[in-house]
Amino acid sequence: MPTLLIKNASFIVSCDAHDTIYRDTDILIENGEIREIGKDLRSEGETLDGRGKIVYPGLINTHHHLYQTFSRNNPAVQNMELFDWLINLYEVWKHMDEDVVYYAALVGLADLVRHGATTVFDHHYVFNENSERFMDALFAAAKRIGVRLHASRGSMSRSKKDGGLPPDSVVQSTEKILQDSEAAVAQFHDPSRFSYRQVVLAPCSPFSVTPDLMRESARLARKLGVRLHTHLAETYDESDYVMEKENMRPLAYMETLEWTGEDVWYAHGIHLNDEELQVLSRTKTGVAHCPVSNMKLASGICRVKEMLELDIPVGLAVDGSSSNDGSNLLAEIRQAYLLHRLQSSERAPSAYEVLKIATVGGARILGRDDIGAISPGMAADLFLIDTNTLDYVGTDLDPGALPGAVGISGHTAYTIVGGNIIARAGELVTIDEERLTVEARDVWQRYMQRAGVMA
């Protein structure tokens, strides 16, 4: 593996346990790992000039639906809230095939990487008659880009005829789902340090999954040693649905199904009361915070500051591209900071706290202690921002707060995963972007024609 030296970085924002910020310091990377941080380091490998640049830990996206990259900016659903939005988009998503999954993942991951993301969790839960190789396509796309991927063998088992939201064509039996889940873990899951691919079991949500599937998925995940994820407490409609079906609130329902614990995290977690926050705190059940998606779907505002005070694991996420219309975790940091400032200046996380949610917070959510911070022995997952432009004049006073308080415009100068430069000056190193654009657009157009969105 390559040796890389970042020389004389103006600032290194480590996000380590001591919140260390280094000035005019070098980082030596060997065999995909940060070997040393210090002055006057030497290397025979490639050297990057760090003068005028800020180095940050690679961002960790804790909830995404990469397939939705190909159903963005759809005028039919722009002003809908979650349930109506889902019902309409399922009629599009049921037409996806392996090419859609692969190319949508490439496009979404490219956007994430150019904006500093180095590890991505993809919650794929739409499986149809064409889906036997969907997970192969996801991991192939991640390998081609060079990013670490945690992907879910998600699932839905409750269709419209059973009181759920999805159509029959994207719903499967519990037996089929559990069989495929175990096979996916056997084929793809790598639990080793510095792993590039891991599998999560992730039934979609309480309103599209039967209790039996939820419970059996939890038991299977613990038998196989993998993590659990689902949507929860996203909207009032969801709360009403679970109350009507199960006569209890969503989190209490999850507790009856063995869905709390350090190996569990929920997407959104907006509509949780004080007692429920205490449950998350006691069990160390995590939350993926999706501020832009929550705003677009008018779902509400997550109680992030209180979660941090209660030591609830919290990560940051862009969510699916159909409810964000982009895959930019750097932009998400600033949106999160401003959203919570607007809601309550006294109950808002600081700009630096939001950065840590997007780095070490995400690592904790994914159960990893080898990513999320810049420190010797950690994976060499980093991104660099070049501040030698007009955009950043006068911003040097607090580099830790810069992504949230000022915002980072444009792309990274470098995005590095495992010591490999995978994006340079906003362009992917590992892929021909011009060719990808042509191929991806062709796949997208055929998909939209199948779905009846385009003539």
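Some notes on this structure:
- All of LEU310, LEU338, LEU251 fail the test of being more than 19 Å from the chain's Cα centre (by Cα), within 30 Å of GLY164 (Cα to Cα) and among the aliphatic types (A, V, I, L, M), apart from LEU251.
- Filter result for ARG35 (without any contact (Cβ under 8 Å) to a residue 40 or more places away in the chain, closer than 24 Å to GLY419 by Cβ and in the same structural domain as ASP391 (by TED's automatic domain parsing)): no
- Screening SER43 against (1) modelled with pLDDT under 95; (2) closer than 25 Å to TRP265 by Cα; (3) of a type in the set (Ser, Thr, Tyr) leaves a single unmet condition, (2).
- Restricting the range 186-212 to residues that are among the hydroxyl-bearing types (Ser, Thr, Tyr) and buried (at least 16 other Cβ atoms within 10 Å of the Cβ), the residue that is nearest to HIS123 (Cα to Cα) is SER205.
- Matching residues in the range 81-110 - criterion: being buried (at least 19 other Cβ atoms within 10 Å of the Cβ) and farther than 30 Å from GLY163 by Cβ: TYR102, TYR103, ALA105, LEU106, VAL107, GLY108, LEU109, ALA110
- Residue in the range 356-377 that is closer than 23 Å to GLN78 by Cα and within 16 Å of the chain's Cα centre (by Cα) present: no
- Flag for ALA140 being surrounded by fewer than 18 Cβ atoms within 10 Å (Cβ to Cβ), closer than 30 Å to LEU436 by Cα, in the same structural domain as ARG114 (by TED's automatic domain parsing) and not acidic (Asp, Glu): yes
- Any hit, the range 148-169, residues being at pLDDT 95 or above, buried (at least 19 other Cβ atoms within 10 Å of the Cβ), of a type outside the set (Ser, Thr, Tyr) and on the phi > 0 side of the Ramachandran plot: no
- Any hit, the range 323-335, residues being more than 22 Å from GLY38 (Cα to Cα), touching a strand residue (DSSP E or B) at 6+ places or on another chain (Cβ under 9 Å) and among the hydroxyl-bearing types (Ser, Thr, Tyr): yes
The values are calculated or read from the model by the stated rules, or taken from the named source; none is laboratory data. Note that this is a predicted model, so its numbers are computed, not measured. Note that each Cβ is placed from the backbone with ideal geometry, even for glycine, and that neighbours are counted across all protein chains shown.
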